[in-house]
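Engineer: Starting off with a structure, shown below.
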Amino acid sequence: MTMKINPLAAVAALLAGCATAPPSPQELDRFTQGIMSSSFREQGIAKLDRLAQDELQQACSGEKPPSEDVAKRLEAAQLVTVKWPSDGVYLGDWREGEKLAQNGRGMTWTDPAGVPSGGNCYNCHQISKTEISYGTIGPSLYHYGKLRGVTDPAAPASSEMVRYTWGKLWNAKATNACSNMPRFGHAGVLTPAQIRDLMALLLDPTSPVNAQ
Amino acid sequence: MSDPMRIRAQTQGGGAVVRVLMSHEMETGLRKDAAGKTIPAWHITEVSAALNGKTVLTAQWGTAIAKNPFTEFVVKGAKAGDKISVSWVDNHGDRRTDEATVA
Amino acid sequence: MTRHALGVMLAAALLVPAVAPAQTSADGIAQYRALLADGNPAELWEAKGELLWKQKRGPKNASLEACDLGKGAGVVKGAFVELPRYFADTKRVQDLESRLLSCMAQAQGFNAAEIAATSFGRGEQVNLEALVAYVAAESRGMKFNLSQAHPEERKMFEAGKRIFYFRGGPYDFSCASCHGEAGKRIRLQDLPDLTKNPGDGVGFAAWPAYRVSSGELWGMQRRLNDCYRQQRFPFPGYASDATIALGTFMGVQGQGAVSIAPSIKR
């Protein structure tokens, strides 16, 4: 059976539909992308490629975190990127590590190119006993090695915790997909030598983090 | 020319509370710019306040006073309608006077 | 020891509290900030802004007194707590600084693009600081009440929400990295949770503000700019749509919060 449709009513209905139908989530995503691509400019060392998201950043940009399956898959992919120390030396100098932890410089558009970055660590973490100016975005790292029973970082019994810690510093997303912590090694923020010094700050039994 | 001071004078007890906000860089002469050059000192050196033309406060300021300094003092015997004037001189020889009426 | 002396000593001991409550560093800093709040140098900017609003300036030698900030031509009181909002004449959602640029261009003949490209603290940007302080002060104590009646306003809210959660740059930071959880702080600076309504005079309701550490008055545009710098992002354009969208998101989230702007900050 054919339906008789009044063409004027049909057009009116169509127009009314356009006027009141809210944009779909996909349309809003596209609208947002347009705003992002037209609102920023490069400045200093901060180029526009910093807005190009990798798969992980995209997945972690929602109001809600990704599903457990997706998170596990992302973590596995991040774990593969971890570069372990080529000479097997995991710990450096905790004195340098403390300086790095205090240092919040690097990679902003007011930072000059080629200058080493700091670790920014105290911005988010409690670390030593004496530094009271610490943030709480990340968990406390005070007594990090001591609490985990690392009395000798070179001993075989410690190797799992040593590797876990290196992995965290190199790519925190390998163990927590949408972690707030930057991927210091993977993104080239810190060098392996710098990460070794931070490892010492956390795991060396003589480091004030464990000794005080 | 420097920006005007904000002066508020309010009767309180047997006098008036005067609150003054001055607009001044108050450069100590100890800071260095990004190139390592010392930024020259530029700060208020003398402050005075008067009630109906009669001086009630004089002060000598140095490098410990903050930028855009805020000052509060009580003038005994000031009544509503009286004129409070505040003046400063800086180490460049610039000076400024602003007035307010006690409310 | 004489009985008298012992009596005095006991009396003194009773008067003194046995143990003063432990003061956290946060308490101490809050006390310091409360002391600073009297005589907020932002008032110097507010006074200057009021003069600038009424002064004939620019190539057209006109004042801003006919500028429509959303509540009608020349109405300043209450305008700040309704921004950002949609404007029919420019057909876009605008925040305070974007709207001031429109008025400075249309009424006074200034070049808005040039002012937008000027560094903070230089040239006409200095005058914008004062105008922002003045307009915000005229809404001090009033509650935020942004409109979401217009579809463009709703679109900008949605875009602002997505931008708020957008992770990018070498640190993978989004606004939510620092402002997505209650009770957090960077070093000793408390962070408002901007995914919810953080409350009166907190977050969106505290800007523009006088920053004691640099002796500067920062509008919301400058605050967002420095956020993005520290997020290791590229440079957000002054009064760009991304910043307006974020302002819309935060303003709507802050519905009902009392504005204390211009406030005083570290």
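The values are calculated or read from the model by the stated rules, or taken from the named source; none is laboratory data. No experiment lies behind these values; they were computed from the predicted model shown. Heads up, the Cβs are rebuilt from the backbone with ideal geometry, glycines too, and the neighbour counts pull from every protein chain shown.
Engineer: Does region C:219-239 contain any residue that is in contact with a Gly (Cβ under 7 Å, 6 or more places away or on another chain) and closer than 19 Å to C:GLY49 by Cβ?
Structural biologist: yes
Engineer: How many of the residues making up region C:22-52 are at negative phi, in a loop (DSSP other than H, G, I, E, B) and either of a type in the set (Ser, Thr, Tyr) or modelled with pLDDT of 80 or more (or both)?
Structural biologist: 3
Engineer: List pairs: first residue in region A:173-196 and under 13 Å from C:ARG232 (Cβ atoms), second residue among the aromatic types (Phe, Trp, Tyr) anywhere in the structure, Cβ distance under 7 angstrom, at least six positions apart or on different chains.
Structural biologist: Close Cβ pairs (under 7 Å, with a partner that is among the aromatic types (Phe, Trp, Tyr)) amount to A:PRO182/C:TYR171; A:PHE184/A:TRP170.
Engineer: Right, next: Somewhere in region A:99-116, is a residue under 28 Å from A:GLU42 (Cβ atoms) and of a type in the set (Lys, Arg)?
Structural biologist: Yes, because at least one residue in region A:99-116 is under 28 Å from A:GLU42 (Cβ atoms) and of a type in the set (Lys, Arg).
Engineer: Does region A:115-143 hold any residues that are of a type in the set (S, T, N, Q), within 12 Å of chain C (Cβ to nearest Cβ) and farther than 22 Å from A:LEU48 by Cα, and which are they?
Structural biologist: If the condition is that a residue be of a type in the set (S, T, N, Q), within 12 Å of chain C (Cβ to nearest Cβ) and farther than 22 Å from A:LEU48 by Cα, then A:ASN120, A:ASN123, A:GLN126, A:SER133, A:THR136 are the ones that fit.
Engineer: For A:LYS99, work out the one condition from (1) in a loop (DSSP other than H, G, I, E, B); (2) at pLDDT 95 or above; (3) under 22 Å from A:GLN194 (Cβ atoms); (4) charged (D, E, K, R) it doesn't fulfil.
Structural biologist: (1)
Engineer: Next question. Quick check: is even one residue across region C:148-167 buried (at least 19 other Cβ atoms within 10 Å of the Cβ), among the polar types (S, T, N, Q) and either farther than 28 Å from C:ALA26 by Cβ or touching a Phe, Trp or Tyr at 6+ places or on another chain (Cβ under 9 Å) (or both)?
Structural biologist: Among the residues of region C:148-167, not one is buried (at least 19 other Cβ atoms within 10 Å of the Cβ), among the polar types (S, T, N, Q) and either farther than 28 Å from C:ALA26 by Cβ or touching a Phe, Trp or Tyr at 6+ places or on another chain (Cβ under 9 Å) (or both), which makes the answer no.
Engineer: Let me ask you something else. From the list B:SER48, B:SER2, B:SER23, pick out the single residue that is on the phi < 0 side of the Ramachandran plot, polar (S, T, N, Q) and crowded, with 16+ Cβ neighbours inside 10 Å.
Structural biologist: Unique residue meeting the criteria: B:SER23.
Engineer: For region A:54-96, how many residues are assigned to a loop (DSSP other than H, G, I, E, B), in contact (Cβ under 8 Å) with a residue 40 or more places away in the chain and touching a Ser or Thr at 6+ places or on another chain (Cβ under 9 Å)?
Structural biologist: The number of residues fulfilling the criteria is 2.
Engineer: Taking the options C:LEU246, C:LEU217, C:LEU194, name whichever one is crowded, with 20+ Cβ neighbours inside 10 Å, among the aliphatic types (A, V, I, L, M) and free of Cβ contacts under 8 Å to residues at least 60 places away in the same chain.
Structural biologist: C:LEU194
Engineer: Suppose we filter A:ALA76, A:ALA52 for residues that are under 23 Å from C:ARG167 (Cα atoms), away from chain C (no Cβ under 11 Å) and of a type outside the set (S, T, N, Q); which single one remains?
Structural biologist: A:ALA76
Engineer: Enumerate the pairs (first residue in region C:51-75 and within 17 Å of C:GLN94 (Cα to Cα) and free of Cβ contacts under 8 Å to residues at least 24 places away in the same chain; second residue anywhere and surrounded by 15 or more Cβ atoms within 10 Å (Cβ to Cβ) and of a type in the set (A, V, I, L, M)) with beta-carbon separation below 8 Å, excluding pairs fewer than 6 apart on the same chain, so at least 6 apart or on different chains.
Structural biologist: C:LYS71/C:ALA79; C:VAL75/C:LEU69
Engineer: Just the residues that are surrounded by fewer than 19 Cβ atoms within 10 Å (Cβ to Cβ), closer than 20 Å to C:ASP190 by Cβ and of a type in the set (Gly, Ala, Ser), please, taken from region A:121-151.
Structural biologist: A:SER133, A:GLY138, A:SER140
Engineer: Can you pull out every residue in region A:109-123 that is under 20 Å from C:PHE173 (Cα atoms) and out of contact with any strand residue (DSSP E or B) (no Cβ under 7 Å at 6 or more places or on another chain)?
Structural biologist: Within region A:109-123, A:THR110, A:ASP111, A:PRO116, A:SER117, A:GLY118, A:GLY119, A:ASN120, A:CYS121, A:TYR122 qualify.
Engineer: Can you say whether C:LEU64 is surrounded by 15 or more Cβ atoms within 10 Å (Cβ to Cβ), part of a loop (DSSP other than H, G, I, E, B) and touching a Cys at 6+ places or on another chain (Cβ under 8 Å), as far as the supplied structure shows?
Structural biologist: Taking the combined requirement at face value, the residue satisfies it.
Engineer: Looking at (1) in contact (Cβ under 8 Å) with a residue 24 or more places away in the chain; (2) over 20 Å from A:PRO139 (Cβ atoms), which is the one condition that is false for A:GLY167?
Structural biologist: In the conditions (1) in contact (Cβ under 8 Å) with a residue 24 or more places away in the chain; (2) over 20 Å from A:PRO139 (Cβ atoms), A:GLY167 misses (2) alone.
Engineer: If you don't mind, another one. Scan region A:79-114 for residues that are of a type in the set (Val, Ile, Thr) and within 14 Å of chain C (Cβ to nearest Cβ) and report the count.
Structural biologist: Residues that pass the stated criteria total 3.
Engineer: Can you tell which of A:LYS146, A:LYS173 is part of a helix (DSSP H, G or I), out of contact with any Pro (no Cβ under 6 Å at 6 or more places or on another chain) and within 13 Å of another protein chain (Cβ to nearest Cβ)?
Structural biologist: Matching residue, one of A:LYS146, A:LYS173: A:LYS173.
Engineer: A further question on this structure: Looking only at region A:134-171, how many residues end up being farther than 15 Å from A:ALA101 by Cβ and small (Gly, Ala, Ser)?
Structural biologist: 7
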